[in-house]
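Reviewing the structure listed below.
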Amino acid sequence: MRCEEVRKIIAEDWPEEAPAAVREHLAGCPVCDSLARDHRLVRAGFHALAAEPAPEPSWGFSTRLLRRLQESPEREGAEFLERVGRRVVYATFLLALTLLLALALPSSGPLRGPTTAELYLAQSEVVIAGNDPVFTGEFPENNGATPVAPGNGGAGEKP
Amino acid sequence: MDSLPAQEAQELAWIKRAQRGEHEAFGLLVERYQRRVFSQVFRVIRRPDEVEDMAQEVFLKAFRAIRSYDFRSPFGAWLSRVAINHCLDYLRKERASRVTYHWQMGEESLRRIEAQTENPEGGGLDPEQQATVRDLVGKLLDRAPGEDRIVLGLKELEGLSVEEIAEILNLKQSTVKVRLHRARKRMLEDLKGWRQGR
């Protein structure tokens, strides 16, 4: 018999007593013999564990269980309310944290966009530039949106 | 004593009443199956002081789920499935790595035990040796993954057949055989590693 077959029999069939062919192989193969010895040790341990008596239900086990069953709808209702309450508290806390963060952020810099006031000021500059009698008609392609810098075909560069 | 068909009919009636929410009928089922549930929970988790609390949780879960029982498998197998799933949840929460142990056997006593197990006709193990191998395999089981503990516990300790285990775990018999094979192999490898590392 080959080692592979012997190991398969030991680990797979988990025999109470090794067949004669396996015993013959074990006599001449120390590696398989070591596996067989471990197998016997574990088997003996399982036998000893199986002989241990399981704990018995204590007196009144089923009565206590039925009492818990009768209480459980009320308990489940209370647990549900507690869960919902906890979620409301978490949500409020999260909202408060978001508001605090929004207030604590710097009013300028890369994290903040232009304010309404800044946008309003920028808009009035454009309107002023567009209505200026000096520059009227000077920015045909620009439609008065942005003043063009000198040297780029802007005012003061007549041929 | 009632005959088996009469007992089955009685049990069927209890289950139907329990499905309608009657606690008393469920109490009768608890009385009938409590020892079995205690034994299975004990064999798998191996903590005698926690067995009663866990068994109570198992029965509470079973009562909440009893409407889903469809009478296709025996009620005992269905209840065992609830118990085993509960044990598996418990074992998953436990961290296997926290189980540490030391080798307490000397080389000489180990050789004696091995010789005794090789030749059981010679009287077998004495109580002290039995306690030693029980402790050894108990620790190996504590270190094993939850799935291994369940199949090994049901097969080697509860003495159930592959067919019965397949019914409880809702698996094919071939799958149970493969799981058993892997669990035993892993346990032998663990023992080998332990012996080499000592």
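We did not get these values from a lab; they are worked out from the coordinates using the rules stated. Model, not experiment: these values are computed from the prediction. Because the Cβ atoms are built from the backbone with ideal geometry, glycine has one as well, and the counts that use them run over all protein chains shown.
For the reader, a short list of remarks on this structure follows.
- Within chain B, helix-based [θ] at 222 nm, where runs of 4 or more DSSP H residues each add -39,500 (n - 2.57), nearest 500: -24500 deg cm²/dmol
- Least to most buried among B:TYR90, A:TYR90, B:TYR33 (fewest other Cβ within 10 Å first): A:TYR90, B:TYR90, B:TYR33
- When the C-alpha to C-alpha distance is required to be over 20 Å, the pairs from B:LYS155/B:LYS177; B:LYS61/B:LYS155; B:LYS172/B:LYS192 that qualify are B:LYS61/B:LYS155; B:LYS172/B:LYS192.
- With Cα atoms as the point set, chain B shows a radius of gyration and Dmax of 19.9, 63 Å.
- Per-residue shielding of B:164-177, expressed as the average number of other chain Cβ atoms within 10 Å of the residue Cβ, stands at 0.
- Partner chain coverage, peptide B:145-157 - average Cβ within 10 angstrom: 2
- Enclosing the Cα atoms of segment B:1-94 in their convex hull gives a volume equal to 103 cubic angstrom per residue.
- Take the convex hull of the alpha carbons in segment B:139-178; its mean projected area over all directions comes to 2.7 nm².
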